[in-house]
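A short worksheet on the structure shown next.
The values are calculated or read from the model by the stated rules, or taken from the named source; none is laboratory data. All figures in this text were calculated on a predicted structure; none of them were measured in a lab. Here the Cβ positions follow ideal geometry from the backbone for every residue, glycine too, while neighbour counts run over all protein chains shown.
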Ligand SMILES: [Zn+2]
């Protein structure tokens, strides 16, 4: 069995360089120049940015994948993913997957604001992209993934409202993505990494893959490999707290296997 480890980098915001120091929390935020540095490193070291579907096809169906493959995810559907991240990725001839909070896109499309609770920044009101902008990303080769309707912590929702609460989030989100973009989302990212066995079971036949998320810092090393369950896709949160050396170590560790990743297939929830 191939020992290949695939890094999946998860970003939230790309800000202009000068805009970062003033934010209340630097968690979840990366600067334009650092983001360019990341992408340049990926090119220089001979890595290939692949889509989430390519990674999951490799995992499930044994489809071919470049030897040094990396995935790039953007969570939530913030406007700056469209205005800043997409053009920079385009310069490098790369695309990503954007996991959208459908309530946020509905509000943006109606010219309104939508407050959401985030693990990185608490309750925030920040501009989301519109459905039209998400459609442009899709047309440019991005994948659009599901991330619930309200950004709810799915395990909490399950315990409070049982199956019905979780299914409402999923069905509302999937219906809006289908209505506006004409596609069924194939991949799902757990908001705040909140999951439990019951939610895995509920979502298993709704999506091809379910992605975890960990917010710990100092960074811990996580890759998706052949032993990873499609219900517990591993990823690496990237923001300004992650040094360039740590960023490089994500890739070095994927290649040489010396760093201890939590890639034993056990679904862990660092968020508690
Ligand atoms: Zn999120």
| query | Tally time: how many residues in the range 80-101 are surrounded by 18 or more Cβ atoms within 10 Å (Cβ to Cβ) and either more than 12 Å from the ligand (Cβ to nearest atom) or over 18 Å from the mean Cα position of the chain (by Cα) (or both)? | reply | 10
| field | Tally, over the range 213-228, of residues that are touching a residue at least 60 places away in the same chain (Cβ under 8 Å) and within 16 Å of the ligand (Cβ to nearest atom) | value | 2
| field | Residue list for the range 143-168, restricted to those being under 18 Å from the mean Cα position of the chain (by Cα) and closer than 21 Å to residue 109 by Cβ | value | 143, 144, 145, 146, 147, 148, 149, 150, 151, 152
| Of the residues that make up the range 26-39, is at least one within 16 Å of the ligand (Cβ to nearest atom) and assigned to a loop (DSSP other than H, G, I, E, B)? | yes
| query | Give me the pairs: first residue in the range 94-121 and free of Cβ contacts under 8 Å to residues at least 24 places away in the same chain and closer than 23 Å to residue 54 by Cα, second residue near the ligand (Cβ under 10 Å from one of its atoms) and assigned to a loop (DSSP other than H, G, I, E, B), beta-carbon distance under 9 Å, and six or more apart or on different chains, which are they? | reply | none
| said: Considering only residues that are buried (at least 20 other Cβ atoms within 10 Å of the Cβ) and either modelled with pLDDT under 95 or assigned to a strand (DSSP E or B) (or both), which ones fall in the range 2-11? | reply: 5, 6, 8, 9, 10, 11
| Residues of the range 66-92 satisfying the condition of being assigned to a loop (DSSP other than H, G, I, E, B) and touching a helix residue (DSSP H, G or I) at 6+ places or on another chain (Cβ under 9 Å) | 66, 68, 77, 92
